[in-house]
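Heads up: the structure comes next, in structure tokens.
Bear in mind these aren't lab numbers, they're just calculated from the coordinates by the rules spelled out. In this text, all values refer to a predicted model and were calculated from it rather than measured experimentally. Positions of Cβ are generated from backbone atoms using ideal geometry, with glycine treated the same way; all protein chains shown enter the neighbour counts.
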Amino acid sequence: MNNHIYLDYAATTPVDLRVLNAMLPYFKENFGNPASIHQYGQRAEAAVENARETVAAALNCLRDEIVFTSCGSESDNLALRGTAAAMREKNGANTLLCSRVEHHAVSKTVEQLERHFGYKVKWLETDENGMISPQTVEKAINKETAIVSVMYANNEIGTINPIVEIASICRAQRIPFHTDAVQAAAYLKVDTGLLGVDLMSLSAHKFYGPKGIGVLYIRKNTPIIPLQTGGGQESGLRGGTLNVPYIIGLAEALSLAVREREQRVAHVLPLRDRIIGTTLEEIPESRLTGHPVSRLPNHCSFSFRNVDGNTLLTLLDSAGFACSSGSACKTGNPEPSEVMTSIGLSPEWGLGSLRVTLGASTTPGHVEAFLKILPGLVKKCRGLQSRS
Ligand code: PLP
């Protein structure tokens, strides 16, 4: 793997050494259960509460508005299922508004709520850049709406949605608004005061923290019931012994992401623009997917006509480059993704998607090496395609 170049930071990121060092004592000498009365427990509890304070400061919210979960998917599930049920109980609201291009952690949850739990779903359509407009939300929202869920930034195509405007529409109607900020948190502002969201999901492994730990921000007084009952942890909203080392790691990673945001953006942005510009210039029948301007600073996504995206990924991997064709979990699926279909791409374009996402260790040398090899591999894929 030493010569491999990793260009898949949207799938996951390596753990920052500073984060790892902050976590290690909580596997060893400070191994206590925060619920225990004795001093081991007290030390662990103090560390968790300290981490909660750090996360609350990063999100500009109250400590008791933070719930630690096991991942971004769990945060999405708790937000949607928990709030939908509480709203239905409160005033009979039974409709879920959800964008067409959500990660499966949201879209599959909403589909199940419709199929098995008696909710109705109204899907919000995007424009050709995969963006949800505030007007689309305004037209669809009404007193029947239990929750609105629109992602902050898209994992496949990097488009950033107008979250502040959408939040303000929901607020005016007193309908809870959830945003999946799993991809956004590494590079965009996650100040809940500024964004005006009621619920926001984050996952540490997208910003140089460990896999298997997430946060759900829940604004005070937002109706919600727990999905996982148990020992009353997390103000009764998520039963289960707290994963102390991972919580410490998440807090450290998030506070670094907030503190170093400007440098991190400044590092990846010119590299992203170099990849986008050169790829579109040098590869015939190529297009950028997602918004050309309102997009994540580390995110390049393309579609190549008459190319099999998975073949391209395999060729890139053999050449030493780790990329993706969309969401990590969708790799291997021969259908164009919902996102490609939603932005209006036909299968001959939609199957040829490529996602290249950059991060802390990406260098101009990596980018040049990648750009040198990509046009030839796309051509090779087209050759293979026409023979099959
Ligand atoms: N939401 C988005 C937008 C994502 O990109 C991902 C992961 O790729 C998730 C949710 C799921 O997060 P996790 O892997 O922590 O469950």
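Shape call for the chain from the C-alpha gyration tensor, a ≥ b ≥ c root eigenvalues: rounded (a/c under 1.5), prolate (a/b greater than b/c) or oblate?
oblate
Taking the chain as the reference, fit the longest principal axis to its C-alpha atoms, fit the long axis of helix 104-117 to the helix C-alpha atoms, and give the angle between the two in degrees, 0 to 90, nearest 10. Roughly 60 degrees between the two axes.
Using a cutoff of 8 angstrom between alpha carbon atoms and counting only pairs six or more residues apart, the relative contact order for the chain works out to 22 percent.
Anything over 30 Å Cα to Cα? Flag those among Lys122/Lys379; Lys28/Lys220; Lys189/Lys220; Lys28/Lys211; Lys28/Lys189, in the order listed.
Over 30 Å apart, Cα to Cα: Lys122/Lys379; Lys28/Lys220; Lys28/Lys189.
Taking the DSSP beta bridges with both ends in the chain, the antiparallel portion is around 55 percent. For the chain, excluding the exposed loop sites themselves (chymotrypsin sites (Phe, Trp or Tyr not before Pro), DSSP loop, at most 14 other Cβ atoms within 10 Å), the longest remaining stretch covers 32-388.
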